[in-house]
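Just below is one structure, and these are the notes that go with it.
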Amino acid sequence: MISWSTGQRISRTRGRVSMGKILAVATNTVRQVVRMRIAVVFFVLLLVILPVLAAASTGDGTVKGRLQTFVSYGLSLIGLLVSLLTIIAMTYTTTADIVQCQVHTVLTKPIRRYQFILGKFLGVMIVDVVVLAIMSGLVFGITIYSPRLFRIDPEQMEQLNNEFFTARNALRPTEPDVSKEVEELYQRLVTSQELEQVFKGLPREQVIARLTQQKRLEKRAASVGQELMWEFHNVRLADPNGSLFIRFKYNVSSNPIDLQISSQWLVGDLRQLNQGVQVGTPIYRVERKDPVRTFREFAVPADAVAKDGYLAVAFLNDLDNDTVVIFPLDEGLEVLYKAGGFTANLLRGVLLILVRLVFLAAVGVFAGSFLSFPVAILLCLLVLFTGSTSGFILESFSFLGKNLSVIYDYTLKLLVQALPRFDLMNPTKFLVSARLIPWSLVLWQGGGPILAKALVLLATGLWVFRSSELARTTV
Amino acid sequence: MQYAVQTIGLTKIFNDWWGRPKVRAVEELNLTIRYNEVFGLLGPNGSGKSTTLKLLLGLLYPTKGRAIVLGGDGDDPKINRRIGYLPEESYLYRYLNPRETLDFYGRLFGLPSKIRRERTEALLEMVGLKAVANRPIGTFSKGMARRIGLAQALINDPDLLILDEPTSGLDPIGTKQIKDLIRTLASRRKTIILCSHLLADVEDVCDRIAILYGGRIRAEGPVKELLQRSDRIQISTGPVSQQTIEQIRQLLAQEAGQVDVSSPMERLESFFMRIVSEAQARAQPTSGAISTTQIGSFLAGQPSGDLLERLTESVEQPQPATEQSATRPIETPTPVKQEILDQLVYRPEDQQDKGQG
């Protein structure tokens, strides 16, 4: 019994000493990053640019537009510069100690190589967290105090609270099943021998994908005087006395002279109209005129939702318009409702940036373990760039010829898919439209896989570092 | 465990990019270094000395053979805990100051903060950099950085001290101090490996040496045995008259045939030491290291107390290592007295007093 408790004590002491060594290297790395002025440059740059950006952002001229522009550019800038800081600091601190031989004095002390690298990693992350916290705090402060600065009236403030200083969930209409129509169209094209003319050499699945997209867009298109209706089921709102927000964007077949579309909207339980039954819940009618190719939104009271959670939204392409109106796929039409607060949402957004930084730091360790500083930095930048534009890359290469497609599938596509999709985890697109960043995105959908990949890279870097000779040929 | 360090057929071959052998840095090295021995590893540039040390410490991996250090592997933290290593260049963090540097290395040994603080201050005093302890090392001269390099190697009071070219870039005072330190540590039964191509330094302090050339040992043994010339006799005396010299010369000439009689020259090292000591005694200002010829208390194996007093005692003790090491008389440096040591310690207020006066 005594020996058992002694063993536990020894184990605890060892753990403390081991952590103490990692912390010693981490503290030293913080000093290195700060005193070699790597962090200072980025810090000062952000400290100067963010207030200037706040003053220069105008957006669409409204206070909401200003804030949206500032938060969007501000957070993007912070994300980019702190990413660059992470890449430079991590690769520098790993490679410089090997090239300048400080590892000779450090690793001949009782510290394991993995402790040394973990210390470096921790040090860079400490700098990241501090810079990120200060800068996002600055963005938060400027955003919160801006409305007071502009002395807006209570009505505008309420609109800001509903449409910007909030976190909303989005309902999107389910895409209709068009597979039967697509198959018929495909067969018709084959029979009429038009297939080869229209889709030269494309494999069947890519032709089907294009035709599906085309058919879905047709379902979201309204010619002059035509009505479109979307239905939502099981809508459960946290605040039944709050508001619903219909967010939409118009694409058009031909531009109207004033680039505006007149429309009429009906929001509510539209089953009551069809079946001619007594009206139980209000149906809201809204007339609007909105610019084309711009996201717009309007609010209706949340009591439009029926008791069974049913909600319908109908759009009428006004007779004044001389064009077909198309609602783009995905974000073309959404119903938003309040699901959280702005502060917590911003915090989750900053955590999304932090997840990216953890991954980049792990790439830095991996690259720095076997590459020289310039090459390691280049690799990290390539990862950052590819991860940030992976959606665009995948989309651009999705319709290749048969032969090219095979090469692409087994090379670039694999590589891009192996990297995290930073573009999907960009917090600005959530915050600008006041959408809720769900914890599930931070922890599981985005954060989890990215952190798992970071762990694999970190472990590989540690393994390479552990098995390498750290001294150079000096004979 | 008979040996502090043992290598068995240790071989290191550096390959080129294609994996072909390019340089045979160390070849079939069988080295044995006993506990409590001051061992000198000699050789010209590129003879494989530093490579051998890096193989011992696990910074390089052997192509063949094995190195056993303190009964284990040189890259095992349990073994590293007992080793102090000064590389051929100091390899310190330029942005840290000496105090932060020593604290950092102390933390790697898991030393409690109180002990780290005590040792840091003692070592800073020993290497004469207390006055510049808050200046970044990047602004130091090579010699000053070397002193901090030495201090970091001693922060754990090591059982095995590995010094690669320890006197490189040091002024004669620093050189002497390192030799004094080696003697003090040797008297505390520590094992020291000294790697150098400065033969006089090695000759002064080492018990045994090995001479490397082309990665192989060409000669190995006790310094005394290797250097002693049994076919020559040297006699030293105090001042004697010319007549007595002539009589001795005739007497010796009858037996030995050839006799050479002359007055011994003072060694440049001791002459230099004397001049600098006089300058320091006059407290002339300098922005460099203030060498005190002191040894850190914990290294001299003494409990904490009045540091200066103990240092004086340690300096005044006779140094047996000098007696065994030469075929010619070696000048023992004049012991530094308490009052001189008092003057050697730099105090900014002294300068102010003089300035005001």
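The values are calculated or read from the model by the stated rules, or taken from the named source; none is laboratory data. Since the structure is predicted, the reported quantities are computational estimates derived from the model, not experimental observations. Counting neighbours? That spans all protein chains shown, and the Cβs are built from the backbone with ideal geometry, glycine included. Just so you know, the surface numbers come from the protein's heavy atoms only, side chains and all, with ligands and any DNA or RNA stripped out. Shrake-Rupley method; radii C 1.70, N 1.55, O 1.52, S 1.80 Å.
Could you identify the single residue in A:Leu80, A:Leu53 that is modelled with pLDDT of 90 or more and either in a helix (DSSP H, G or I) or surrounded by fewer than 22 Cβ atoms within 10 Å (Cβ to Cβ) (or both)?
Details: A:Leu53 fails: modelled with pLDDT of 90 or more.
The match here is A:Leu80.
From the list A:Val406, A:Val442, A:Val456, pick out the single residue that is in a helix (DSSP H, G or I), open to solvent by 40 Å² or more (accessible area, probe 1.4 Å), at pLDDT below 90 and β-branched (Val, Ile, Thr). Don't jump to the end; show me each part of the working.
Working: A:Val442 fails: open to solvent by 40 Å² or more (accessible area, probe 1.4 Å); A:Val456 fails: at pLDDT below 90.
Within the list A:Val406, A:Val442, A:Val456, the selection yields A:Val406.
Residues that are away from every other protein chain (no Cβ under 12 Å), in contact with a helix residue (DSSP H, G or I) (Cβ under 7 Å, 6 or more places away or on another chain) and closer than 29 Å to B:Arg189 by Cβ: which strands (runs of 3 or more DSSP E) entirely in the range B:1-109 hold 1 or more of them? Spell out how you get there, then give the answer.
Numbers: elements: B:3-15, B:21-34, B:38-42, B:64-69, B:83-86.
The strands (runs of 3 or more DSSP E) meeting that bar are B:3-15, B:21-34, B:38-42, B:64-69.
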Residue pairs meeting the criteria (Cβ under 6 Å; at least 6 apart or on separate chains; first in the same structural domain as A:Glu334 (by TED's automatic domain parsing), in the range A:246-258; second assigned to a strand (DSSP E or B) and charged (D, E, K, R)) = A:Arg247/A:Glu297; A:Arg247/A:Glu334
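Here's the yes/no breakdown for (1) hydrophobic (A, V, I, L, M, F, W, C); (2) at pLDDT below 90:
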position: B:Gln2; (1), (2): no, yes
position: B:Ile8; (1), (2): yes, no
position: B:Val23; (1), (2): yes, yes
position: B:Glu27; (1), (2): no, yes
position: B:Leu56; (1), (2): yes, no
position: B:Arg66; (1), (2): no, no
position: B:Lys78; (1), (2): no, no
Write out, first by first residue and then by second, each pair whose Cβ atoms fall under 9 Å of each other, whose residues are 6+ apart or on separate chains, and whose first residue, in the range A:21-38, is more than 7 Å from chain B (Cβ to nearest Cβ) while the second is assigned to a loop (DSSP other than H, G, I, E, B).
-> A:Ile22/A:Ile111; A:Val25/A:Ile111; A:Val34/B:Tyr95
Determine whether the range A:87-97 contains at least one residue that is within 14 Å of chain B (Cβ to nearest Cβ), open to solvent by 30 Å² or more (accessible area, probe 1.4 Å) and either touching a residue at least 60 places away in the same chain (Cβ under 8 Å) or not β-branched (Val, Ile, Thr) (or both).
-> yes
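Based on this model, can you work out whether A:Thr105 counts as within 14 Å of chain B (Cβ to nearest Cβ) and out of contact with any Lys or Arg (no Cβ under 8 Å at 6 or more places or on another chain)? Quick ask: steps written out before the conclusion?
Details: within 14 Å of chain B (Cβ to nearest Cβ): yes; out of contact with any Lys or Arg (no Cβ under 8 Å at 6 or more places or on another chain): yes.
Spelling it out, A:Thr105 is indeed within 14 Å of chain B (Cβ to nearest Cβ) and out of contact with any Lys or Arg (no Cβ under 8 Å at 6 or more places or on another chain).
Just a yes or no: is a residue in the range A:315-322 under 30 Å from A:Phe140 (Cα atoms), open to solvent by 10 Å² or more (accessible area, probe 1.4 Å) and either assigned by TED's automatic domain parsing to the domain that holds A:Lys219 or in a strand (DSSP E or B) (or both)? Full working, then the answer.
Of the residues in the range A:315-322, the ones under 30 Å from A:Phe140 (Cα atoms) are none.
For the range A:315-322, residues under 30 Å from A:Phe140 (Cα atoms), open to solvent by 10 Å² or more (accessible area, probe 1.4 Å) and either assigned by TED's automatic domain parsing to the domain that holds A:Lys219 or in a strand (DSSP E or B) (or both): absent.
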Flagged in the range B:1-22 as of a type in the set (A, V, I, L, M, F, W, C) and out of contact with any Asp or Glu (no Cβ under 9 Å at 6 or more places or on another chain), in numbering order, are B:Met1, B:Val5, B:Ile8, B:Phe14, B:Trp17, B:Trp18
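Would the range B:223-231 turn up any residue that is touching a strand residue (DSSP E or B) at 6+ places or on another chain (Cβ under 6 Å) and either in a strand (DSSP E or B) or within 14 Å of another protein chain (Cβ to nearest Cβ) (or both)? Please lay out each step first, then the result.
Of the range B:223-231, the ones touching a strand residue (DSSP E or B) at 6+ places or on another chain (Cβ under 6 Å) are B:223.
From what is left, the residues that are either in a strand (DSSP E or B) or within 14 Å of another protein chain (Cβ to nearest Cβ) (or both) are none.
Looking for residues that are touching a strand residue (DSSP E or B) at 6+ places or on another chain (Cβ under 6 Å) and either in a strand (DSSP E or B) or within 14 Å of another protein chain (Cβ to nearest Cβ) (or both), one finds none in the range B:223-231, hence no.
Among the listed residues B:Ile192, B:Ile209, B:Ile217, B:Ile245, identify the single one that is at pLDDT 80 or above and under 21 Å from B:Ile148 (Cα atoms). Before you say what the answer is, go through the steps one by one.
Working: B:Ile209 fails: under 21 Å from B:Ile148 (Cα atoms); B:Ile217 fails: under 21 Å from B:Ile148 (Cα atoms); B:Ile245 fails: under 21 Å from B:Ile148 (Cα atoms).
Step by step, each of B:Ile192, B:Ile209, B:Ile217, B:Ile245 is checked, and only B:Ile192 is at pLDDT 80 or above and under 21 Å from B:Ile148 (Cα atoms).
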